[in-house]
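See below for the structure under consideration.
Each reported figure results from applying straightforward, stated rules to the coordinates on display, with no laboratory input. Worth saying up front: this structure is predicted, and the values here are computed from it rather than measured. Neighbour counts are summed over all protein chains in view; Cβ atoms, including those assigned to glycine, are modelled from backbone coordinates with ideal geometry.
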């Protein structure tokens, strides 16, 4: 080998570690988001306010599981292989899929009903693993609020149906909270169940057949995905309904009293920020919502022949006309 070629080769070899270090130094953290929807906009905006600019010092990887367990497992594994620095999930099934895919990559969950009962964390105060974030366990405390709001709109209300999906991990907890609250309000409850979309109409029809005057729709990913169908059904059977997720009302439902979705996604961004700065999920207590919104669809109320009390309209965070 000629001397000039040897020196050039030696120089390129010496330069390689420097180039590698430079490339490593410019590596930006990647956040994997499962089932990205418009609701994650608040999450990204909050991270930007915290100084994370997409393409400069943060990147996002999106995967879509469409709520199908097998697909969720596949996309969670894809993010782990990518790899990403943090996985962000919304709801119990995607969070469980992420947990099964990795025990080391931090996971920030949003909107999980009862992460302890679901086996995702050891406790809210001490998660103990690679998962933390925000739980909607506070929903058990606002179940009575759903009944109170229906009673305000319908003073003569006596019999209420509750739509539940028994396969969803949080359903039993929320049902128990409703059953505990109902007697003090002079209400009797009837449970109707739907495990899949084609069971929704029989469930709503059963509620009407058994003389329910109103319907409480328990938090459930399937119900949310079928919100337009559900709104059409309660309109068809003229059954006033209240929900725990605001999108149901924009789809045509009567009322929702729900945790502020933008707020909980903004809070999720602070968890990501702390983790990227070195905090461990095990040391970050799981938070619960503190801000709740009342949304009323006045158009739906009029179609049902209901007069919403002025005092309720005055305190509503949003009124759809």
Contact order relative to length of the chain, as percent, for alpha carbon pairs under 8 angstrom and 6 or more apart: 17 percent
Cα long-axis angle, helix 171-181 against the chain (0 to 90 degrees, to the nearest 10): 40 degrees
Nearest-0.05 FRET efficiency for residue 145 and residue 307, computed from C-beta distance (R0 22 Å): 0.60
Spin-label model distance (nm) - residue 123 vs residue 237, 7 Å beyond Cα toward Cβ: 4.2 nm
Rg/Rg_globular for segment 224-321, with Rg_globular taken as 2.2 N^0.38 Å and Rg from C-alpha atoms: 1.39
Tensor-based shape of segment 178-259 (alpha-carbon gyration tensor, a/c under 1.5 rounded, otherwise prolate or oblate): oblate
Column: log10 I(q)/I(0), Debye, Cα scatterers of segment 163-306, q = 0.11 Å⁻¹: -0.48
Percent RCO, i.e. relative contact order, over segment 90-149, from Cα pairs under 8 Å lying at least 6 residues apart: 33 percent
Label point at residue 28 placed 7 Å out along Cα→Cβ; residues across segment 36-60 whose backbone nitrogen lies under 11 Å: 52-60
Residue exposure sequence - 272, 153, 80 - by fewest surrounding Cβ within 10 Å: 80, 153, 272
Sequence of 104, 123, 144 once ranked by neighbouring C-beta atoms within 10 Å, starting from the fewest: 104, 123, 144
Answer label, with Cα extents along the principal axes in Å calculated from the coordinates and candidates [x] 56, 50, 46; [y] 98, 35, 35; [z] 65, 49, 37: [y]
Cα gyration tensor shape for segment 145-215, rounded if a/c is under 1.5, else prolate or oblate: oblate
Degrees separating the helix 139-153 axis from the principal Cα axis of the chain, which is the longest one: 40 degrees
Residue exposure sequence - 61, 321, 100 - by fewest surrounding Cβ within 10 Å: 321, 100, 61
Stretch gain in nm, segment residue 156-residue 288, where the contour uses 0.36 nm per residue and the Cα spacing is subtracted: 44.2 nm
Bridge type composition, the chain - antiparallel percent by DSSP, nearest 5: 10 percent
Full-extension gain in nm, residue 81 to residue 318, via 0.36 nm per residue minus C-alpha separation: 81.1 nm
Helix 261-276 axis, angle to the chain major axis (alpha carbon atoms, nearest 10°): 20 degrees
